[in-house]
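*Asks:* Input: one structure, supplied below.
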Amino acid sequence: MENALFVVNMQEMYVGKFRKKEKISYDAEELTAKVNKRILAYQPEEVFFIKSVGKGLFKGTMPKEGTKDAELLAYLKYLSNSKNVFEKNKSDCFSNNVLHDFIRSRGVKQIEFIGVDTGEDIGKTAITATEDMSIHAVYNEAALVSLDPEKSGKLRSKLRRSRVTYKNDLD
C-alpha cells in the first residue's frame with residue numbers, strides 16, 4: 001500500500017449533533033460530507049480512522065474512553081467494515097505503536113490527513129511521518145478544521161520545513 005488516508009478525530013465530541021456548538025462552531029455536516037468524499041477517493045484498506053480517547057485521571061480535553069463522545073461518527077464511509085480503527089491518547093497518532101508499526105510494515109509512502117485537528121494532533125503526526133518515517137504528508141485543508149487555529153498556525157512553519165504538502169481540494 002503506497003497511500004493512506006488518516007481520518008482524525010471524527011468523533012461525536014467534535015462533530016456530533018450534541019457537541020458544544022458554542023465552542024465547536026464550524027459546520028460539522030459540511031465537514032463530514034467533505035471527509036466522506038475524500039474517503040471514497042481511497043480503497044477501504046487505505047483508510048485509517050484515528051480517534052482520541054482520554055485514559056486515566058489526566059485525560060485532558062479528550063473524550064473519555066468508552067463514552068458516546070469518544071465514538072466515531074457512524075455514517076463515515078467504510079467505517080462499518082473497517083479493521084483500521086486506532087485509538088490514541090497523546091497528540092501524535094503514531095504514539096500508538098500498533099499503528100506506527102502497521103504503517104511502517106505496509107511500506108506507506110504518503111499519508112493524507114483530514115478530519116478535526118484539536119490543535120496539534122495532525123501537525124505532530126505529520127512531523128513524525130516526514131522526519132522519523134520518511135513518509136510524505138499531505139495536509140488537506142478542504143476536509144479539515146482546527147479547534148485551535150492559533151496552536152495549529154504555530155506548527156505551520158515547522159510543517160513546511162518538514163516537507164509537508166498543503167492542499168485545498170476534494171479531488
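Bear in mind that the values in this text are calculations on the coordinates, not laboratory data. Everything numeric in this text was worked out from a predicted model, so none of it was measured. Cβ sites come from the backbone with ideal geometry, for glycine too, and all protein chains shown count toward neighbours.
*Asks:* What does the net charge come to around K17 if you take all other residues with beta carbon closer than 15 Å to its beta carbon, with K and R at +1 and D and E at -1? All intermediate terms of the calculation are to be shown ahead of the outcome.
*Replies:* Numbers: positive: R19, K20, K21, K23, K68; negative: E12, E22, D27, E29, E30, D69, E71.
With Lys, Arg at +1 and Asp, Glu at -1, the neighbours total -2.
*Asks:* Next up: Which helices pass in the chain if a helix is a full DSSP H run, must span at least 30 angstrom along its long axis by Cα, and must have mean Kyte-Doolittle hydropathy not below 0.0? Display every interim value, and only then the final one.
*Replies:* On the way: long enough: none.
None pass (Cα extent of 30 Å or more, hydropathy at least 0.0).
*Asks:* Can you work out the Karplus-derived ³J(HN,Hα) for every residue in the stretch 116-130? Use 6.51 cos²θ - 1.76 cosθ + 1.60 with θ = phi - 60°, whole Hz, and x for glycine or proline.
*Replies:* 10, 9, 6, x, 10, 3, 6, x, 5, 5, 5, 5, 4, 4, 6
*Asks:* Here is a further query. Which aspartates and glutamates, if any, have their Cα less than 13 Å from the Cα of K124, not counting same-chain residues under 8 positions apart?
*Replies:* D92, D132
*Asks:* Could you point to the residue in G54, N36, S80 farthest towards the positive end of the chain's charge dipole, with +1 and -1 charges on the Cβ of Lys/Arg and Asp/Glu respectively?
*Replies:* Sorting the options by dipole projection puts first G54.
*Asks:* Counting DSSP beta bridges in the stretch 3-167, what percent are antiparallel, to the nearest 5?
*Replies:* The antiparallel fraction comes to roughly 5 percent.
*Asks:* Based on Cβ point charges of +1 for Lys and Arg and -1 for Asp and Glu, what charge dipole magnitude is obtained for the stretch 3-167 about its Cα centre, in debye rounded to the nearest 20?
*Replies:* That gives a dipole near 200 debye.
*Asks:* Another one. Taking a threshold of 25 Å on the Cα-Cα distance, which of the pairs K68/K158; K90/K158; K34/K83; K23/K158; K21/K68 fall above it?
*Replies:* Going by Cα-Cα distance, K68/K158; K23/K158 fall outside the 25 Å limit.
*Asks:* Given axes a ≥ b ≥ c from the Cα gyration tensor, I'd like to know whether the chain is rounded (a/c under 1.5), prolate (a/b larger than b/c) or oblate. Don't jump to the answer; show the numbers that get you there.
*Replies:* Numbers: a/c = 1.27, a/b = 1.22, b/c = 1.04.
Note, shape of the chain comes out rounded.
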